[in-house]
Amino acid sequence: MTTALQYTLSGLAIGGIYALVALGFHIMWSAAKAVNFAHGDTLMIGAVLAVMGIDAGLPLPLACLLAILAGALFGVVLERFAVRPFIGSNASIGWMLTTIAVGIMAESLATMQFGGFSRPLPSPGVAGAISILGAGVYPQELVIPAVALLAMAGLYAMQRHTLVGRAMQAVAHNRQAAALMGINVDRIVMFSFGLAALFGAGAGVLVAPVIQASASMGVLLGLKGFAVAIIGGITSGPGVVLAGLAFGVMEKFVEGYVSTAAREIVGFSAIILVLVAFPQGLFGRREIFKV
């Protein structure tokens, strides 16, 4: 019982990171029918810049805030110069290639400035473990899934009760009709990419005290976040968050009861099986395009 609870709590922590990254993919896809394949690197940017801010003498809250804002700015700039020129063009695959290229360059620059080794982000959330029914867990690990659920609820509230949120929904439904209604589609898409990057950088700041920050940390986390977005249904915000949490728990159980090496095999096999059975994802809806 204690062992299962331990795996569940640890799984929810890493699953919360997958959920935040996947939520970013959901936001971008809804707005532009395109995604930032360097999105995992926004996670790395948040974590690395937060550690560098601490090294520069900034207080922890300020270092984390500036790192998250820098991640959001990265998303905005990337949308403007690496995604927008290719949206709706015959070379629409260009946004995929350019964002991958930008991600590689960001990782290389981070390696040059930060080094190729991992460094911890100091946080009071990992100062000492607490016991829950016999299972030991850091408070930081409990915060991560809570933040993922709050982000999901906040996104839903914004979409339903704010002008910018309604504009995001309108653009997601029909870009041309939204433009005819006076909505600045380019600005809404840019905002969506910035918001997605904000979630990604926030995920990096949250997880860095647990797994440590490094220039390469965003690669696998970003890939898994994208996979979670697909199996959860990239058109469903709650779906990708729930899928992320469940995927993290599944990974920890496989890691604990089988082996660490089997974790990736079982995880990605599950992704393939889900997509075979549910091509739109578990909670996704079929999208119809008129031609």
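The values are calculated or read from the model by the stated rules, or taken from the named source; none is laboratory data. Computed from a prediction, not measured in an experiment: that's the story for all the values here. When we count neighbours, we look across all protein chains shown, and the Cβ atoms used for this are built from the backbone with ideal geometry, even at glycine. SASA here: full protein model, heavy atoms, side chains in, ligands and nucleic acids out. Shrake-Rupley method; radii C 1.70, N 1.55, O 1.52, S 1.80 Å.
Candidates are the residues of the stretch 132-165 that are in contact with a helix residue (DSSP H, G or I) (Cβ under 7 Å, 6 or more places away or on another chain) and free of Cβ contacts under 8 Å to residues at least 24 places away in the same chain; the one that is surrounded by the most Cβ atoms within 10 Å (Cβ to Cβ) is Gln159.
Give the residue that is farthest from Ala47 (Cα to Cα), with candidates limited to residues of the stretch 89-112 that are loosely packed, with under 13 Cβ neighbours inside 10 Å and modelled with pLDDT under 90. My answer is Asn90.
Does any residue of the stretch 222-229 turn out to be surrounded by fewer than 16 Cβ atoms within 10 Å (Cβ to Cβ) and in contact with a Leu (Cβ under 9 Å, 6 or more places away or on another chain)?
Residues of the stretch 222-229 that are surrounded by fewer than 16 Cβ atoms within 10 Å (Cβ to Cβ), as a first pass: 223.
From what's left, in contact with a Leu (Cβ under 9 Å, 6 or more places away or on another chain): none.
No - not one qualifying residue is present in the stretch 222-229.
Would you check if there is a residue in the stretch 228-239 being more than 17 Å from Phe25 (Cα to Cα) and either in contact with a Pro (Cβ under 9 Å, 6 or more places away or on another chain) or in contact (Cβ under 8 Å) with a residue 40 or more places away in the chain (or both)? No, the conditions are met nowhere in the stretch 228-239.
The one condition from (1) open to solvent by less than 30 Å² (accessible area, probe 1.4 Å); (2) in contact with a Phe, Trp or Tyr (Cβ under 6 Å, 6 or more places away or on another chain) that Phe86 does not meet is (1).
Meeting the requirement of 1 or more residues that are touching a Phe, Trp or Tyr at 6+ places or on another chain (Cβ under 8 Å), the helices (runs of 4 or more DSSP H) wholly within the stretch 152-243 are 163-173, 185-211, 217-232. Only one of the numbered conditions (1) farther than 18 Å from Val207 by Cβ; (2) in a helix (DSSP H, G or I) is violated by Gly11, and that is (1).
Take the conditions (1) surrounded by 16 or more Cβ atoms within 10 Å (Cβ to Cβ); (2) of a type in the set (Gly, Ala, Ser); (3) over 16 Å from the mean Cα position of the chain (by Cα); Ala127 misses just one of them, which is (1).
The rows are residues; the columns are (1) of a type outside the set (Ser, Thr, Tyr); (2) over 20 Å from the mean Cα position of the chain (by Cα).
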| site | (1), (2) |
| --- | --- |
| Ala101 | yes, no |
| Phe117 | yes, yes |
| Ser131 | no, yes |
| Val137 | yes, yes |
| Leu142 | yes, no |
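Among what's in the stretch 109-123 and is assigned to a helix (DSSP H, G or I) and touching a residue at least 60 places away in the same chain (Cβ under 8 Å), pick the residue that is farthest from Pro238 (Cα to Cα). Quick ask: steps written out before the conclusion?
Narrowing the stretch 109-123 to residues assigned to a helix (DSSP H, G or I): 109-114.
So of that shortlist, the ones also touching a residue at least 60 places away in the same chain (Cβ under 8 Å) come out as 110-111, 113-114.
Working: Ala110: 32, Thr111: 35, Gln113: 37, Phe114: 35 Å.
The residue in question is Gln113.
All conditions but one from (1) free of Cβ contacts under 8 Å to residues at least 24 places away in the same chain; (2) of a type in the set (Lys, Arg); (3) farther than 16 Å from Thr8 by Cα apply to Arg263; the one that does not is (3). Here Leu62 meets the list (1) at pLDDT 95 or above; (2) surrounded by 20 or more Cβ atoms within 10 Å (Cβ to Cβ) almost entirely, failing just condition (2).
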